[in-house]
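The structure appears right after this line, and notes come after that.
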Amino acid sequence: MTSLINIGFGNMVAAERVIAIVSPESSPIKRIVQEAREGQGSLIDATYGRRTRAVLVMDSGHIVLSPIQPETISHRFVDMTAVASAAAAASASVPADTEVANV
C-alpha cells in the first residue's frame with residue numbers, strides 16, 4: 001500500500017518515491033530547480049505562490065517544491081513509519097487462527 005505524505009496545502013507525495021528532501025538555498029539545488037523548470041514538465045510546484053522552503057527529489061526525476069520546512073516533512077516521514085510499525089506489530093500479535101466473535 002502506498003503511503004502518502006502531506007507536503008502542504010493538502011498536496012501529497014508517495015513516501016516510497018522520495019529520494020531526498022533538501023533546502024532550496026544552495027546553488028546546486030537552485031540549478032536543479034531551474035533546469036526542471038525549463039525542462040519538459042519535471043517540476044511540480046506545490047507552493048501555491050508561497051516561498052519555497054523544501055525541494056523534494058523523486059525517484060522518477062521529478063522535482064517537487066513545497067512551502068513547508070524540510071524538517072517538518074521529515075518528521076512526517078518519521079511519524080508515518082512509527083505508526084506503520086506499531087500497526088504491523090499489533091497485527092502480528094494476533095494469531096492467524098483466532099476467530100473473531102460477531103456480537
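Some notes on this structure:
- Selection status of Val57, of a type in the set (Val, Ile, Thr) and either outside any helix (DSSP H, G or I) or closer than 19 Å to Pro24 by Cα (or both): yes
- Scope the range 16-41; condition at pLDDT below 95 and open to solvent by less than 80 Å² (accessible area, probe 1.4 Å); matching residues: Gly39, Gly41
- Boolean, Ile68 is more than 20 Å from Asn6 (Cα to Cα) and of a type in the set (Val, Ile, Thr): no
- The residue pairs whose first member lies in the range 79-90 and is within 17 Å of Ile5 (Cβ to Cβ), whose second member is assigned to a helix (DSSP H, G or I), and whose beta carbons are closer than 9 Å, counting only pairs six or more residues apart or on different chains, are Met80/Ala15; Thr81/Ala15.
- With respect to the conditions (1) modelled with pLDDT of 95 or more; (2) open to solvent by 80 Å² or more (accessible area, probe 1.4 Å), Asn11 lacks only one, and its number is (2).
The values are calculated or read from the model by the stated rules, or taken from the named source; none is laboratory data. For clarity, every value in this text was computed on a predicted model and none was experimentally measured. Every residue, glycine among them, receives a Cβ derived from its backbone with ideal geometry; neighbour counts consider all protein chains shown. We work out accessible area using only protein heavy atoms, side chains counted, and drop any ligands, DNA or RNA first. Shrake-Rupley method; radii C 1.70, N 1.55, O 1.52, S 1.80 Å.
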